[in-house]
Every structure is written in structure tokens, then in C-alpha cells.
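Here is the structure we will look at.
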Amino acid sequence: MEFDIVSTLIGALLGLLAGGGVVYVLLNSLLKKRSAGILREAEAEGEALKKEKILQAKEKFLQMKEEHERDAREREKRLAQGTEKHKHREQQLSRQQQELATKEKQVDALKADIEQRMQGVEMRRQEVEKAHEKQVAQLERISGLSAEEAKKQLVDSLKDEARTNAMALVKDVTDEAKLTANKEAKRIIIQTIQRTATEHAVENAVSTFHIENDELKGRIIGREGRNIRTLEEATGVEIVVDDTPGAIILSCFDPVRRELARLALHQLVKDGRIHPGRIEEIVSKTKRHLEDEIMEIGKRTCIDLGIHGLHNELMRMVGRMRYRSSYGQNLLQHSRETANLCATMAAELGLNVKAAKRAGLLHDIGKVPEDEPELPHALLGMKLAEKYGEKPDVCNAIGAHHDEIEMTSLLSPIVQACDAISGARPGARREAVEQYIKRLKDLESIAMSYDGVSKAFAIQAGRELRVMVESDRVTDGQADNISMSIADRIQSEMTYPGQVKVVVIREKRSMAVAK
């Protein structure tokens, strides 16, 4: 039994081996056939690709050959054109050489002709010199003088005659120039006056504030007069409330203060709330508004006159001229008139019209500064103009229009003349008003020179001087001493009619805010 199993296994193994060998033979045969087919296909594709590459190479060669032949034809064409141009240029050069040769022959012939003529001229010159020498010798024998001596005598006689004629001509020209200059100056001045429109404005020391209802007078006065006292202290204006219907009188020599009081009263009446606190608030706001209005007046004046580039501080001073007067003549109108006169006169004389107009407008700015130092207004105006960048000729015209300094510019006599023309018109000025205003300013200046004084107002046409002192710096006893000292100085330093009452006011205010 075991033998049979072994025999069976051996037989099976032998069968497997025989089957594997058959399979191997079959597979090997199939692989060889397939490899041969692949090789044949690869050879066929290689031949086709080789033929295609050969065709492409032939086409590329033919294309390159065609391009090379085309470039060669173009080079030959350009070479032929260059050869043609070269031949043409050679022909032109040949013609030019022939023309130059012809011109050289002509120049040589002309040169020879000129040389012949020069020789003839030289011979003639020598002949003329010989004839001249013979004539000079004959003249010397006849006159007994040499040629140099005769020439000298002739020149001397001509000099004397020319000098005499020149002196007579200079005298005639000088006399004619003086006569013409006087006539021309008169003509220019008269024409300038006639061409310039004039406006006369006489300022006084009193303004009238109109009210619709007399009942407002009591409210303006206030309880025990506290409202009117507060308003007077805040503005420095004397307020007269009398029986005149529908009117309140504002009295002050300073037009700016009067305008401030008038505007403040207008605001208070319009608002309806009239009490000390409201009065101080309205006066403060009105003062700022008035400063803006002064600046606007200055700007508008410069625009009207065509003056540009003026410093803001100078422009503000021009606006303040509206509220100042010079011998009763409104200062702004006087300055505008002087500027127009200067422009007209400068145009007649052929000078700088803009600079002349600028100097005419600014010539009296020394009258409007708030501090008013002890300097003539012309010199003060010149220093202000220099400070704010005005040109030297304008500054000299301002400083010299009253002869305080020497005139170094042609504008200076023009400004001086136009200032005199504007002020000399009939009714333009009143000297008494200017003296009166100066006296009131001197009163306030004396009071402001004391330590502790905050404000000083001359009221009642200079018959009363009200002085406000700071309560924390001045005691009651010192206030008495200040009043007596001011009175003594006024009596010793000033001349005035009647008497001046000095009132020193010391007021203590305490304020707190509840939050």
C-alpha cells in the first residue's frame, strides 16, 4: 500500500515536470516570435523617421540657400548704388575744382588790378603832399608864422568863442529852466488839486444816541445810577442823560471810545438786559467787534487805493485813522486824499505812482498808536514803517514830511506838498480842537504814569479826571495820595481854563462760581 502511494506521487511529480517543460518550450517560442515582430516594427519606424529628417534638412538647406542668394543680390544692388553715388560725387568735385581754378584766376587778375591802382594812389598822395608842403611854405613866408603857431592861434580863438557862446547858452537855459520849472510846478499842483475829489469830515467830541422810548433812560441809569457808572467806567465815555427827548449824549474826545459806547448801548437796548454784569460783557464783546471793524476799514481802504502787501499792523493803524482827527479833519479822509494827491503828482513827474500813494496813505500813522510815546508823529510813523518792512524811500517820505529829518527821496517833497495841500483847504482843519484833544490826552497820560492805576478817563470836556486803581495794589490812603499828586502835577505841568477835578476810584470785587 505504501509502495503504491509513493509510486503515485513519483508519477505525479514526473507529470508536473513534463508539463512544465512543455509550457516553457511554448512560452519561449511565443516570446521569440513577438520580439522579432517588435524589431521589424522598430526598423520600419526608424526608416520612416530617417527619411522625414532628411527631407526637413533638405528643405532647410534650400531655404537658407535662397535667403543667402537674396542677401547677396541686395548687397550687390547697394554696392552698385554706392558706386553710382561715388561717381556722381567725383563729377561734382571735378566741376567745383574747375570753378575754383577759374575764380583763382579772376582773383589774381583783380589783385593785380588793385595793386596797380594802389601804386597810382600812392603816387598821387605823394604829389598832394608835395603840393601841400609848397603851399604851407608859401603861407609861412607870407604871414611870418609857422604852421604850428597859426594852428594854435586858430584853436585858441575858437575856444574863446565857443566858451562865450556856451556861457550865454547855459545862462539862457538856466533862466528858462527856472521859469519853466515854476510854471510846471504850479501847473502840476493845480492840476493835482483839481483832479482829486475831496471830502471834508469834521469830528467833534459829542455823539448822540437815539432811543425810541424815554422810559429806557431810567433802565440805562439803573438803581442809584449803578448801570451808567459801570458803563462810563468800562468805556471811558461820559454819558449825559437829560431831558432831551429820544436822545442820550455821549461825550468823549476819543472817537473810538465814543463809538464803543454807542455800539454797546445799542446792543444793551436791543438785548433788554441792562445790569452791571451784562454791561461789562457787552462792552468786552463790542470792543472785540470794533477791533475787527477797524481791521476791515484798513483792508477796504488799501483795496480802494490799490495798495498791496501792507503789514497787518499797519493796516490796523490805517483803520484806526477813521476814528481820529487832525485839527478837526478826519485823519483817514485826510490820508486818503493825500495818497491820491501824491499819486497824481508822481504820475505827472514820472515817478513811482504806487510808492507815492503808499507814502501818502501812511504819512500820519504816527498819530494813531495806542501808547503814543514822546516822539513827533512823523518820526514815530517812520519807525513804525521801518519796523513793519516798508521800503526806505517810503519811510523817508513819512519821517521828513514835517522836516524832522533830511529828505533823501524824491517822494518826500511830494508827500510834504500834498499833506499841506490837503490840510490847507478852506475849512479843512480847526486848530482849537486839536489843542483840546491834546490837553485831554495829557491829562490821561499823567494819571496812567502812576503805579497801580488801571484806567484813566478825562470827561466833562477835561474838567474831570476819573482814575481807576487796582484794589489789591493800592490802599485807601495811597489812593488819597495819588489824587493829590495827580492834581499837583496837572497844576504845575499843564495850562487849562477853570479847574480840573481828580477822582480816584478804588473798588473791591469778590466773585465766586457755584457749580
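The values are calculated or read from the model by the stated rules, or taken from the named source; none is laboratory data. Here the structure is a predicted model, which is why all the values come from computation and not from measurement. Please note: Cβ atoms are built from the backbone with ideal geometry, for glycine as well, and neighbour counts cover all protein chains shown. Heavy atoms of the whole protein, side chains included, go into the accessibility calculation; ligands, DNA and RNA do not. Shrake-Rupley method; radii C 1.70, N 1.55, O 1.52, S 1.80 Å.
Can you give the Kirkwood hydrodynamic radius for region 381-515, in Å, rounded to one decimal and based on Cα pairs? Before the final figure, lay out the partial values.
Details: mean 1/r = 0.0539 Å⁻¹.
After inverting the mean inverse Cα-Cα distance, the result is 18.6 Å.
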Rounded, prolate or oblate: pick one for region 228-313, where a ≥ b ≥ c are the square roots of the eigenvalues of its C-alpha gyration tensor, a/c under 1.5 means rounded, and failing that, prolate if a/b is larger than b/c, else oblate. prolate
Pairwise over distinct Cα atoms, reciprocal of the mean inverse distance: report the Kirkwood radius of region 2-100 in Å, one decimal place. 22.6
Out-of-range pairs (alpha-carbon distance over 26 Å; input 285/357; 367/501; 285/455; 287/438): 285/357; 367/501
Any idea of residue 52's accessible area? Nearest 10 Å², probe 1.4 Å. 100
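Using only C-alpha positions, report the orientation-averaged shadow area of the convex hull of region 438-497, nm², one decimal. Spell out each step's value before the answer.
Values: hull surface 15.4 nm².
Mean shadow area of the hull around the Cα atoms is 3.8 nm².
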To the nearest 10 square angstrom, how much accessible area does residue 348 have with a 1.4 angstrom probe? 60
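Which peptide among 263-276, 22-35 comes first, and what is the full order, when sorted by highest mean count of other Cβ atoms within 10 Å?
Details: 263-276: 16.6, 22-35: 9.9.
Going from most to least packed, we get 263-276, 22-35.
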May I ask for the distance between the Cα centers of region 355-409 and region 47-103, given as a whole number of Å? 91
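What net charge is computed for the residues neighbouring residue 476, neighbours being all others with C-beta under 15 Å from the C-beta of residue 476, Lys and Arg scored +1, Asp and Glu -1?
Details: positive: 473, 506, 508; negative: 470, 472, 480, 507.
Around residue 476, the surrounding residues sum to -1.
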What order do you get for 82-88, 509-515 when each peptide is scored by the mean count of other beta carbon atoms within 10 Å, highest first? 82-88, 509-515
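Using the heavy atoms of the protein chains alone and a 1.4 angstrom probe, what is the accessible area of region 65-125 per residue in square angstrom?
Working: 6070 Å² over 61 residues.
Value for region 65-125: 100 Å² per residue.
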Just the number, please: Stokes-Einstein D of region 354-412 in µm²/s, Kirkwood Rh from C-alpha pairs, 25 °C, 0.890 mPa s. 223
So how exposed is residue 160, as accessible area in Å² (1.4 Å probe, rounded to 10)? 90
Selection from 48, 15, 63, by position along the positive dipole direction of region 1-117 (Cβ): 63
